[in-house]
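The structure under discussion appears below in the form of structure tokens.
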Amino acid sequence: MANYSGGIRYRRKLRLSAGTRWLDLGRVRGSAEAWVNGRPAGVRIWRPYRFDIGGLIREGENEIEVLVLNTLGPYLKGHSATSFTLKGQEVSGILGPIRLLV
């Protein structure tokens, strides 16, 4: 899917302690929207891709979901003769490292 432009949803269930405060996605190529247990944690369109999730988590099992939307760069590089795509624009998604911080 080298020329895919659109979104990808990441979802993970994990056990967290009540002291967990931040979700840090590290390096992301695109915009990121996060939810914790179905409740919105925010949208980031540039770094830092860090979300305050302290008020959204519960002790024990939690579900974290992140939607990353890339640009038209990959599509244009593969399907157009345009010179408006720059090197590296075809890379998309969460590149990390992903961290949960107290």
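The values are calculated or read from the model by the stated rules, or taken from the named source; none is laboratory data. Quick caveat: nothing in here was measured; it's all calculated off a predicted structure. Reconstructed Cβ throughout: ideal geometry from the backbone, glycine too, with neighbour counts over all protein chains shown. Keep in mind that these areas ignore ligands, DNA and RNA; they rest on the heavy atoms of the full protein, side chains included. Shrake-Rupley method; radii C 1.70, N 1.55, O 1.52, S 1.80 Å.
So for the chain: antiparallel DSSP bridges make up what percent, rounded to the nearest 5?
Taking every DSSP beta bridge with both residues in the chain, the antiparallel ones total about 95 percent.
As a test of the formula, what do you get for the chain when each DSSP H run with n ≥ 4 contributes -39,500 (n - 2.57) and the sum is divided by the residue count, at 222 nm and rounded to the nearest 500 deg cm²/dmol?
Roughly -1500 deg cm²/dmol at 222 nm, from the helical runs in the chain.
Normalised by the residues of segment 7-85, what does the relative contact order come to in percent, with Cα pairs under 8 Å and at least six apart?
40
Per residue, how many Å² of accessible area does segment 1-56 show with a 1.4 Å probe?
65
Once you list every other residue whose beta carbon is under 14 Å from the beta carbon of Lys87, what net charge do they have if Lys and Arg are +1 and Asp and Glu are -1?
Value of the local net charge: +1.
Which of the trypsin sites (Lys or Arg not before Pro) found in segment 18-61 are loop residues per DSSP with 16 or fewer other Cβ atoms within 10 Å of their Cβ?
Arg21, Arg58
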